[in-house]
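Asks: Before I ask anything, let me first share the structure, which is written out below as structure tokens.
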Amino acid sequence: MNTRDGWSGEPLAGTHPGGPLRVCIVGAGLMGRWHAEAARRANAVITCVVDSQRERATVLARQFGALATTDPEQGMNQCDIVHICTPRSTHFALVRLALAHGRSVICEKPLTDRYDQTVTLLEDATHRGLMLMPTHQFVFQRGFVRALRTLPTLGELLHVDTVASTVGAKGHGADRREDVALDILPHPLSLFERIRGGTLGNCTWQLANTAPGEIRAITSDGAVTYGVLISNTGRPPSNHLRLIAEGGTMMVDLFHGFHTVDRGVGGSRRQKLLQPFREASLTLTAAASNLGRRFLFREWAYPGLWELIAATYSAVRDGQPAPISPHEIEAIARATDQIRTARLADSAR
């Protein structure tokens, strides 16, 4: 049964095997709307929408026939899983409240501002037998999953790099640009940890001295180098992962959720001449196929989010391990905290 002390592995209160889970959405902004849509697509029932602005909660709740309230506890008393889609400064208190009510949690990333807070929440969830899942949805994207399956066929992995240029802070000042960059940072780190699990938490990061909202960081686990570039001013907007191995290179478009594989054998003059056309052809073919699939499944934005939510619901319902392990979550949080702390130290000089 479902109690305040945790989940015993039996079906959650108000559900039955194969039946719908009841979901509370906390935060009725942009991400709250996307979480609600993904939850409905995953066959959950939205029972309540919580927001500090009652009118905003009412608008979203009306779309799903749900209760609207400004009181988080009221919503948490009427659900099995809580989605927290509020600013990251509120995450720690809201996650603790949900766990205290015996509810598993899906929370927007970053899970918290600090590594020690993340560890506290993970320990609390484990003690109560509940699931705590930050939305590291990139690792569930179809393109990344396929790239990960292909990677062993390319031989030894050498370098992994991500580049993200965003318009999320366009027109805002330095503080907002930095805030947006730090919100993005867990995404590449989650990819690195999934590619070579168990090494990220022990890496030491080196940072370039950059302007607010511009992050350039590199590290190595002894065999593979990792690079992160996040920019609020670089254009055009893009988000890519590149994996370079002895037998070829893969590119993953993280905006759209597809990947390309270029085994690029040989280096003759003719092959070099044709390489730009080869790359363009690979990208065009993959992008067109991916666009058709997204249109068919009505996946208008945030590829990977529905897959993460569906996998989490399945694990909660069936008493299975979390689709992102606590160890992964902790490693991502540690690296995020290292980079964030280093940037704060640089800005204080």
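Asks: Which of the numbered conditions does A181 fail, given that it passes all the others? Conditions: (1) outside any helix (DSSP H, G or I); (2) within 19 Å of the chain's Cα centre (by Cα).
Replies: Result: A181 fails condition (1) only.
Asks: From the list R242, R216, R194, R270, which residue is assigned to a strand (DSSP E or B) and either closer than 18 Å to F138 by Cβ or more than 22 Å from the chain's Cα centre (by Cα) (or both)?
Replies: R242
Asks: Out of region 225-273, which residues are loosely packed, with under 13 Cβ neighbours inside 10 Å and acidic (D, E)?
Replies: The one that is loosely packed, with under 13 Cβ neighbours inside 10 Å and acidic (D, E): E246.
Asks: Can you find a residue in region 175-193 that is in contact with a Gly (Cβ under 7 Å, 6 or more places away or on another chain), surrounded by fewer than 21 Cβ atoms within 10 Å (Cβ to Cβ) and among the hydrophobic types (A, V, I, L, M, F, W, C)?
Replies: There is at least one residue in region 175-193 that is in contact with a Gly (Cβ under 7 Å, 6 or more places away or on another chain), surrounded by fewer than 21 Cβ atoms within 10 Å (Cβ to Cβ) and among the hydrophobic types (A, V, I, L, M, F, W, C).
Asks: Quick one: which residue in T233, T204, T210 is part of a loop (DSSP other than H, G, I, E, B), of a type in the set (S, T, N, Q) and at pLDDT 95 or above?
Replies: Answer to the selection: T233.
Asks: Follow-up. Only residues that are in contact (Cβ under 8 Å) with a residue 60 or more places away in the chain and surrounded by 13 or more Cβ atoms within 10 Å (Cβ to Cβ): list them for region 200-218, please. Let's see the steps before the verdict.
Replies: Of region 200-218, the ones in contact (Cβ under 8 Å) with a residue 60 or more places away in the chain are 200-201, 203-205, 207, 209, 212, 215, 217.
Residues satisfying the conditions are L200, G201, C203, W205, L207, P212, I215, A217.
Asks: Would you mention how many residues in region 69-97 are more than 20 Å from the chain's Cα centre (by Cα), crowded, with 20+ Cβ neighbours inside 10 Å and among the hydrophobic types (A, V, I, L, M, F, W, C)?
Replies: So the answer is 2.
Asks: Taking I309 and the conditions (1) within 24 Å of L30 (Cα to Cα); (2) modelled with pLDDT under 95, which numbered condition does it fall short on, given that it satisfies the others?
Replies: If we test I309 against (1) within 24 Å of L30 (Cα to Cα); (2) modelled with pLDDT under 95, just (2) comes out false.
Yes/no per residue for (1) in contact with a Pro (Cβ under 9 Å, 6 or more places away or on another chain); (2) assigned to a helix (DSSP H, G or I):
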position	(1), (2)
R293	no, yes
E299	no, no
W306	no, yes
R317	yes, yes
P321	no, no
E328	no, yes
I332	yes, yes
A335	yes, yes
L344	no, yes
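Asks: Collect the residues in region 89-106 that are in a helix (DSSP H, G or I) and in contact with a helix residue (DSSP H, G or I) (Cβ under 7 Å, 6 or more places away or on another chain), keeping them in residue-number order.
Replies: F92, L94, V95, R96, L97, A98, L99
Asks: Give all pairs with beta carbons closer than 6 Å in which a residue from region 75-87 that is at pLDDT 95 or above meets a residue that is of a type in the set (S, T, N, Q); count only pairs at least 6 apart in sequence or on separate chains.
Replies: Listed pairs, sorted by first residue: G75/T69; C79/T47; I81/S104.
Asks: Which one of the conditions (1) in contact with a Pro (Cβ under 6 Å, 6 or more places away or on another chain); (2) more than 23 Å from G234 (Cβ to Cβ); (3) among the hydrophobic types (A, V, I, L, M, F, W, C); (4) assigned by TED's automatic domain parsing to the domain that holds L254 does L122 fail to meet, given that it meets all the rest?
Replies: For L122, the failing item is (4).
Asks: Just one of (1) closer than 20 Å to A301 by Cβ; (2) buried (at least 22 other Cβ atoms within 10 Å of the Cβ) trips up L132, so point out which.
Replies: Just one mismatch for L132, condition (1).
Asks: Within the bounds of region 26-36, is there any residue that is assigned to a helix (DSSP H, G or I), under 18 Å from the mean Cα position of the chain (by Cα) and charged (D, E, K, R)?
Replies: Yes, there is a match, as at least one residue in region 26-36 is assigned to a helix (DSSP H, G or I), under 18 Å from the mean Cα position of the chain (by Cα) and charged (D, E, K, R).
The values are calculated or read from the model by the stated rules, or taken from the named source; none is laboratory data. Here the structure is a predicted model, which means the values were calculated and not measured. When we count neighbours, we look across all protein chains shown, and the Cβ atoms used for this are built from the backbone with ideal geometry, even at glycine.
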